[in-house]
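The structure under discussion is supplied below as structure tokens; questions concerning it will follow.
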Amino acid sequence: MDLNTLVSRLHEINAVKLGQFKLKSGIMSPIYIDLRVTVSSPALLAQIAEMMYQKVSSSAAIPPLVCGVPYTALPIATAMSIAHDIPMVMRRKEAKAYGTKQLIEGRFKEGDNVLVIEDLVTSGASVLETVRDLNANGLVVTDVVVLLDRQQGARQELAKHGLRLHSVVTMEELISTLTAQGKLDGPTLELVSAFLEANRNVTVPVASQIPVARKHIAYEERAKLATNPTAAKLFNIMAAKKTNLAVAVDLTTKQEVLSLADSIGSEICALKTHVDIIDDFDQDFVNQLQLIATKHNFLIFEDRKFADIGNTVKYQFESGVYHISKWANMVTIHGVAGPAIIDGFKDSIKQTGAGLLLLAQMSSKGSLCVGEYTNQMVEMAKQNADAVMGFICQERLESMTDSFVLMTPGVQFNSKGDSMGQQYNTPDYIIKEKGTDVIIVGRGIYQNSQPKVEAIKYKEAAWEAYQSRLSKQ
Ligand code: S5P
């Protein structure tokens with residue numbers, strides 16, 4: 001298909017729209033190209049993919065993999081992949097739900113080169129987001145192909161990142177073809193031409209720069225970066241005791257919890273409680289637990305999962321039977337009520353230096369703590385970095401800075417899950433592959449006939465995974 005036919009077909013299917021449109025970059029444009037509509041014209045879609053393939057192959061070697069920028073370019077990439085038998089990989093746009101989901105789907109190996117396919121580029125920001133994720137997974141990108149280059153800075157921006165841009169048609173060519181075909185004239189043509197002139201090769205800010213590959217740094221260094229005192233304390237304990245194991249002691253009598261705490265205390269950095277499941281909870285329990293914690297140098301972590309408005313959680317934290325604020329070094333909170341929940345903790349935290357752990361992701365099947373919710377939890381933490389010490393999460397996200405501690409439950413050696421939706425991963429997978437800091441193990445340890453022996457196994461596995469993560473870079 002030649003350019004003339006392509007432009008007329010795009011015009012016919014209403015992929016070229018005239019009016020006032022806000023582009024992703026924030027710029028207002030009198031012309032908008034909507035290539036999403038091409039999914040309703042499969043023959044045209046296939047021809048577009050072919051034109052893009054020809055364009056790249058005329059000046060560069062076609063890489064062994066293709067990847068479309070989500071979402072508009074996915075069908076184009078698929079069409080090219082099928083027509084030329086080039087395997088495809090897919091980038092997930094959403095933050096992943098939990099451990100097992102990959103950011104890049106498909107089979108590939110480190111160092112594979114990927115051709116990035118996009119419908120059109122303005123600033124190049126969307127392409128760079130995809131390249132960033134591909135790079136983070138060890139894939140290499142040298143070439144990017146688009147149907148339309150809007151000529152608003154993308155070529156230069158991509159070149160800065162060592163990326164060659166191939167485009168089938170430029171905005172200038174599109175406009176001149178439309179004009180020659182009599183589809184653009186009078187004031188509209190003037191408007192469009194003026195817009196093109198004013199915005200030609202203007203480099204608009206790119207929202208998402210490709211970050212320098214993030215290094216894993218040692219826990220003792222992380223302690224220095226921490227903005228919450230309990231986070232610093234925890235990192236220091238982990239480094240000193242050489243353990244990134246926290247144990248969830250979900251037992252229901254004082255005696256059981258205390259004797260397990262004393263027996264495994266030397267192996268752990270934190271002990272997680274659910275005090276509301278202890279039948280005979282009393283102040284003596286707290287006193288004894290604190291003595292054991294001091295003896296073995298671990299922190300007490302009450303997994304209360306506060307979720308109400310600020311005023312209510314203040315009472316729940318400080319009052320009632322448990323007086324959690326008096327003894328817990330750290331507590332978990334949900335973000336459903338919005339950032340104001342944190343205000344409920346501020347008074348007591350100022351005095352005790354305790355830390356809040358935000359539930360950014362959960363280990364249970366079908367958890368709703370995913371995507372935008374997770375992103376907002378990270379934002380919430382950053383806005384309250386004095387009170388928030390870290391996250392309960394299933395993976396280290398780029399947005400989670402090194403000042404936060406990342407703690408992951410849903411860990412067992414020999415089970416994939418329970419009958420009530422819990423999902424398990426191994427210590428090695430969580431610490432090495434998912435990049436979080438602390439494993440939280442419950443039944444894997446306290447239900448074992450030899451909990452101390454088992455705790456040592458978990459401790460060693462998680463510590464080895466951490467060391468290998470540090471030495472890999
Ligand atoms: O997403 C989560 C968050 C938490 S805090 N999934 C979890 O399982 N937890 C807690 O971790 C849960 O309440 C329990 O205390 C522990 C996991 O226990 P296990 O017996 O399944 O290892």
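When Lys and Arg each count +1 and Asp and Glu each count -1, what net charge do the other residues less than 15 Å away from residue 282, Cβ to Cβ, add up to?
-3
Quick one: if you stick a label point 7 Å off each Cα along the C-beta vector at residue 17 and residue 263, how many nm between them?
Each label point lies 7 Å from its Cα, and together they span 6.7 nm.
Run the helix sum for the chain: -39,500 (n - 2.57) per DSSP H stretch of 4+ residues, divided by residue count, reported at 222 nm to the nearest 500 deg cm²/dmol.
Computed mean residue ellipticity for the chain: -12000 deg cm²/dmol.
Just how much of residue 327 is accessible, in Å², when a 1.4 Å probe is used and the result is rounded to the nearest 10?
Ignoring ligands and nucleic acids, residue 327 comes out at about 10 Å².
Using 0.36 nm per residue, how much length does the chain from residue 191 to residue 113 gain when fully extended, once their Cα-Cα distance is taken away?
The residue 191-residue 113 span can extend by a further 24.0 nm.
While we're here: Please work out the C-alpha center-to-center distance from segment 62-96 to segment 275-298 and express it in whole Å.
54
Just going by the charge dipole of the chain, with Lys and Arg at +1 and Asp and Glu at -1 on Cβ, which of 268, 187, 369 is farthest out on the positive end?
In the chain, that residue is 268.
If you don't mind, there's one more thing I want to ask. Charges on Cβ only, +1 for Lys and Arg, -1 for Asp and Glu, centred on the Cα centroid of the chain; of 20, 252, 72, which one is farthest towards the dipole's positive end?
So the residue we want is 252.
Can you list the aspartates and glutamates whose alpha carbon is less than 14 Å from that of residue 434, not counting same-chain residues fewer than 8 positions off?
Of all the aspartates and glutamates, those that pass the test against residue 434 - Cα under 14 Å, at least 8 places apart if same chain - are 395, 398.
Can you order the peptides 407-416, 218-227 by their average number of other Cβ atoms within 10 Å per residue, highest first?
407-416, 218-227
Separate question: Report in % the part of the accessible area of segment 3-199 that belongs to carbon and sulfur, leaving out ligands and nucleic acids; probe 1.4 Å.
Roughly 53 percent, rounded to a whole number.
Once the other residues with Cβ under 13 Å from the Cβ of residue 419 are scored (Lys, Arg +1; Asp, Glu -1), what is the net sum?
Around residue 419, the surrounding residues sum to +2.
Continuing with this model, one more query. Please give the charge dipole size of the chain, origin at the Cα centre, charges +1 on K and R Cβ atoms and -1 on D and E Cβ atoms. Round to the nearest 20 debye.
With only Lys, Arg, Asp and Glu charged at Cβ, the dipole is about 620 debye.
While we're looking at this one, here's another question. Of all accessible surface on segment 331-370 at a 1.4 Å probe, what whole percent is carbon and sulfur?
Reported share for carbon and sulfur atoms: 58 percent.
Rounded to the nearest 0.05, what FRET efficiency is calculated for residue 240 and residue 415 with R0 set to 30 Å and r the Cβ-Cβ distance?
Computed FRET efficiency for residue 240 and residue 415 comes out at 0.45.
With a 1.4 Å probe and all protein chains left in place, how much accessible area per residue does segment 16-154 have, in Å²?
Roughly 40 Å² per residue, with all protein chains present.
Taking the Cα centre of segment 370-420 as origin, sum charge times position over the Cβ atoms of Lys and Arg (+1) and Asp and Glu (-1), and report the length of that vector in debye to the nearest 20.
Taking the Cα centre of segment 370-420 as origin, the dipole is about 160 debye.
For segment 216-269 and segment 384-422, what is the separation of their Cα centres, given in Å?
Rounded to whole Å, the Cα centres lie 14 Å apart.
Just the accessible area per residue of segment 219-471, please: how many Å² with a 1.4 Å probe?
The answer is 40 Å² per residue.
What is the Cα centroid distance between segment 320-367 and segment 119-161, reported in whole angstrom?
About 41 Å separates the Cα centre of segment 320-367 from the one of segment 119-161.
Would you tally the net charge around residue 386, using a Cβ to Cβ cut-off of less than 10 Å, leaving residue 386 out, and scoring K and R as +1, D and E as -1?
Once all neighbours under 10 Å are counted, the net charge is +2.
The values are calculated or read from the model by the stated rules, or taken from the named source; none is laboratory data. For clarity, every value in this text was computed on a predicted model and none was experimentally measured. All Cβ positions, even for glycine, are placed from backbone atoms using ideal geometry, and neighbour counts span all protein chains on display. Side chains are part of the model used for accessible areas, which takes the heavy atoms of the whole protein and leaves out ligands, DNA and RNA. Shrake-Rupley method; radii C 1.70, N 1.55, O 1.52, S 1.80 Å.
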